[in-house]
Amino acid sequence: MNERETDLINRLEHVKEIRSKTVHLEKVRSKLRQEFENTENEEKRLEEYKQEMELLLQEKMAHVEELRLIHADINLMETTIKQAEEERNRSLESTKKLYDEFRPLKDEVDQMRGIMGLEKLPDLQEEEEKLTPDFFEKQNTEWTSEPQPEPPIPQTISVPPATPTQIQVPRTQKPPEPRQQSFRQQPPPMKACLSCHQQIHRNAPICPLCKAKSRSRNPKKPKRKLDE
């Protein structure tokens, strides 16, 4: 074997090695592109999950604030009722004293008029039917508020985490603005799950009932980061 043949064999071996490395490189390139696209898609889903968590927390805080205002209104109304009862009781006590003073005085006047041959004065019941001794007994009762049972809290649906990394939700949220007295919380926008057809939150990326991913019917195509 001369030197030329040896050089040719070496070149063929080199070409063979290049071809093998090139095939392996293309496989790595294909896997790299696939994993990169998966990473981009998961990153996008992760952002959707974080946004959904923020919306849920904001909705929770809105409900908590509304419940706090309702309890404040209840406490204010109870205080108002107690003050009105005190005013009523003072007026009732004054009315009872005047009634007790009126009865013997009327009897005395009627007796004096009878001696003179005059008719008796009309009774109070003829002018006001409710003004009787029973009126003061019935009006002496006080109003008491009956405790209302708390509504049952629905059980939380546990969803297994997709990755071991926990989602960190920023705690610096803008506090909800105080509502007006006539404000009532509007129900969140809903949509039907394409898998189980149950009503879920419009922005929910996954269905909390059947765990199916809820995606838009016209999803945006991911941008190609690497050239083929």
**Message:** When you scan region 37-45, do you find a residue that is surrounded by 10 or more Cβ atoms within 10 Å (Cβ to Cβ) and either in contact with a Ser or Thr (Cβ under 6 Å, 6 or more places away or on another chain) or of a type in the set (A, V, I, L, M, F, W, C) (or both), even just one?
**Reply:** no
**Request:** Evaluate the following for residue 59: is it within 30 Å of residue 200 (Cβ to Cβ) and out of contact with any helix residue (DSSP H, G or I) (no Cβ under 7 Å at 6 or more places or on another chain)?
**Result:** yes
**Asked** What number of residues within region 112-125 are surrounded by 11 or more Cβ atoms within 10 Å (Cβ to Cβ) and in a helix (DSSP H, G or I)?
**Response** 3
**Prompt:** Restricted to region 87-104, and to residues that are loosely packed, with under 11 Cβ neighbours inside 10 Å and not basic (Lys, Arg), which residue is farthest from the chain's Cα centre (by Cα)?
**Reply:** 104
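All of the numbers you see were taken from the coordinates with simple rules; none came from a lab. Bear in mind the structure is a predicted one, so any value in this text is a computation, not a measurement. Methodologically, a virtual Cβ is constructed for each residue, glycine included, from the backbone with ideal geometry; neighbour enumeration extends over all protein chains shown.
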